[in-house]
Every structure is written in structure tokens, then in C-alpha cells.
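Down below is the structure, laid out as C-alpha cells.
Quick note: the coordinates plus some simple rules give every number you see, no bench work behind them. Keep in mind the model is a prediction, meaning the values are calculated, not measured. No Cβ is skipped: glycine too gets one built from the backbone with ideal geometry, and neighbour counts run over all protein chains shown.
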Amino acid sequence: MNYRPLGRTGVQVSQLCFGTMSFGGDADEAASAEMFKATRDVGINFFDTADQYNQGRSEEILGKLARGARQDLVIATKCFNPTGPDLNAKGNSRRHLTRALEASLKRLQTDRVEILYLHMHDALTPVDEAMRALEDMVRAGKVLYPALSNWAAWQMQQALGVQEANGWARLQAMQPMYNLVKRQAEVEILPMAAANEMSVFPYSPAGAGLLSGKYLEKNSQGRLVTNKMYTARYGEPWMHEVAEKFGAFCKQRGMHPVSAAVAWVAAHPAVTAPIIGARSVQQLQASLDSLNIEMSRALWQEMAALSRTPPPATDRLEEQKKL
């Protein structure tokens, strides 16, 4: 296992982050414990969760498992999504964020989290108000490093500007969706992160299982079939065509498609560590095996060619092709 810098903090995180969205949902406590041990055995020290994952059960289980090794771990959680029926129990208001963090710390059985992401951009809350809330948490020692997830590049740059103008703790990490069929992050998010020395921890490197190839089989079951959000996210025919080509490509080269998908995301120069997840140790192994793939620039480009390259921010792709 290699370790990489977390933004400009001096903290080192493993080249893979384990996402615990399945804890308390698709994975019961026993399965969660098995996966936690497997990730620790290979040297993963970085774990990701959120207050919305299985109504807080993910945080509870991770907190229980982390108790004996808390000082060795980097833990990230997120808030934004509704935590109750009240009108104000959501969003990025200081009122909600402070309450949500206290609840997360209690579930995680810890006095602080290394990273707190604002899970989504909130159109109702001014950016300076949300950043001030993060600053208060940092000064209280309950959050060490502020971060954002699912924000546009311009929104994150705006947030950085607010922090720098006020002398507040700056954003150190971002969490975008990024995989072979979801490459929009390449246009502005990843370059913006590199320019600001922010860490990038992409989620869904295997496209919620699309790139595993299992959905090419008839009567296949999984999130892309049963969950409307994932069905819509990965429902375009061309994405399934890419998955089929990718599967054939990997078979020809003797690679597991999930291992290759994770390794492809990890090899982008702006990426610090992909977030991997699983329902069981058996399913987890393919993601861990990504560590054994030597992703050369040539191999990365071959895989990229199987998918659609998003146009540059100026949308002048025809000129880019001439260079």
C-alpha cells in the first residue's frame, strides 16, 4: 500500500479509501467487520461514511469497529441530507451543520473527524455562511479539514475565495463522481483541484457496478436494476455499450473489470485515492486487486478510448484534436 498527501495538511492517506455506505444496509455488522479487517490488513487507513447512509447505521458500525484503532485512522463523514422530518433538518445552514456534526460524532464514538464534506451544494444557503460554519467546527477541534462533495468547480473555487479572504481554514479535499462513463470531472473539477493542491477522492469508480459486467447478463440484479436513482444515472444505452467493450478489453488482457476500473480512476494525476465499496469480503477483493495493476499512460489511454471524452470547458473539442 502506498500513501499520499491529504491536500496541504501533511497527513498521509492510503491510495485506496474504503467507503462504508453498505454498513448497516447491504452489509450487516458481521460482514462489515470482515471488510473492515480486510481493508486494514492491506494497509488502508482512510474510511468514508455519511450521516445519511442507512439512517446513521453506517457511522455507528464504523465507530464501533474503529474504537481500537482510532488514532491510526483518517475518518471522513458528510452532512447536508435530511436527518429528520423538520423543515430545517437539512442543507448547509450553520444551524443544521452543527447539529448534524454532533450527531455524527456521537454515532462514530469520536471527538472529531479528520474530514467533513458538505455532501451537496445548497442553493438556499450563501457560501460564506456555510464556510463560516465549517470554520467554527475547525476552531472547535471537531473537524480538522473542510471538504466538499458534488459541488461544481466554480462553486468550490468560490468557497475557497471566501475562506482565503477571511483567513479561514481552506478546503483540503473534494469528492466527485468519476469513472469511465462519468468523466465530466476531467473538464474543470480535476484541473481546479490540482491548481489548488486539493485532494480528490472520487466515488463510484466502477460505475455502481456497471463496469463489472454483471449487468450484461440477462435477469441481472443489483442497484442499477432496483434503484431508480442508479437506473437513471447509468441508463443511457451508450454507457452499457462502453461497459460491454470494457469487459471484453479486460478479458483479453486477463484483468478483472472492477480491478481495472478502479486502477484507471486511481491513475489520473489529479486523483489522490478512489473510494471503493462492497457488500462482502468476496466482492471487495476485486477492488483491492486494483493495487496489482500497473496502469501505464498507454494502458490508461486505451481504456479511455473505449468511452466518450468530454469536450473541454470552452467546448472547442475540434481544436483540441488538432493539437
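What number comes out for the charge environment of Ser104, summing +1 per Lys or Arg and -1 per Asp or Glu over other residues with Cβ under 15 Å away?
Within the 15 Å Cβ shell, the charges total +3.
Relative to a virtual label point 7 Å from the Cα of Ala69 in the Cα→beta-carbon direction, which members of the stretch 240-276 show backbone nitrogen distances below 16 Å?
Backbone N within reach: 276.
Please express the shape of the stretch 125-200 as an equivalent ellipsoid: the semi-axes are the square roots of 5 times the eigenvalues of the C-alpha gyration tensor, given largest first in whole angstrom.
On the way: eigenvalues 109, 30, 23 Å².
Semi-axes from the Cα gyration tensor: 23, 12, 11 Å.
Against the empirical 2.2 N^0.38 Å scaling, what ratio does the C-alpha Rg of the chain come to?
Normalised Cα radius of gyration, the chain: 0.98.
Given the Cα atoms of the stretch 59-137, and with Rh set as the inverse mean 1/r over their pairs in the Kirkwood sense, what is Rg to Rh to two decimals?
1.00
At 222 nm, what helix-only mean residue ellipticity would the chain give, in deg cm²/dmol to the nearest 500, using -39500 (n - 2.57) for each DSSP H run of four or more?
Values: 13 runs with 130 residues, N = 323.
So the helix-based figure for the chain works out to -12000 deg cm²/dmol.
Straight-line reach only, C-alpha to C-alpha below 20 angstrom: list the aspartates and glutamates that Lys214 could link to, leaving out same-chain residues fewer than 8 apart.
Asp26, Glu236, Glu241, Glu244, Asp289
What is the packing order of peptides 106-119, 287-300, taking the mean over residues of other C-beta atoms within 10 Å and listing the highest first?
Put in order of decreasing packing, that is 106-119, 287-300.
How much length, in nm to one decimal, is gained on full extension between Arg297 and Trp154, taken as 0.36 nm per residue of separation minus their Cα-Cα distance?
Fully extending the segment from Arg297 to Trp154 adds 48.6 nm.
What full-extension length gain, to one decimal in nm, is calculated for Thr98 and Glu244 as 0.36 nm per residue of separation minus the Cα-Cα distance?
Separation in residues times 0.36 nm, less the Cα-Cα distance, equals 48.0 nm.
For the stretch 262-323, what is the convex hull (Cα atoms) projected area averaged across all directions, in square nanometres?
Across all orientations, the stretch 262-323 yields a mean hull projection of 5.8 nm².
Once you place label points 7 Å from the Cα toward the Cβ at Gln55 and Lys106, how far apart are they in nm?
Placing both labels 7 Å along Cα→Cβ, they lie 1.6 nm apart.
Among the listed pairs Lys37/Lys90; Lys182/Lys245; Lys37/Lys142, give every one whose C-alpha distance is greater than 22 Å.
Lys37/Lys90; Lys37/Lys142
How far apart, in nm, are two points set 7 Å out from the Cα along the Cα-to-Cβ line at Met229 and at Asn88?
About 2.6 nm, to one decimal.
In the chain, what percentage of the DSSP-assigned beta bridges are antiparallel, given to the nearest 5?
15
Could I have the simple spin-label model distance between Thr309 and Ala140, label points 7 Å from Cα toward Cβ, reported in nm to one decimal?
In this crude spin-label approximation the distance works out to 4.8 nm.
Jot down the radius of gyration and Dmax of the stretch 1-122, Cα atoms only, both in angstrom.
Considering the stretch 1-122 through its Cα atoms, Rg and Dmax are 14.4, 44 Å.
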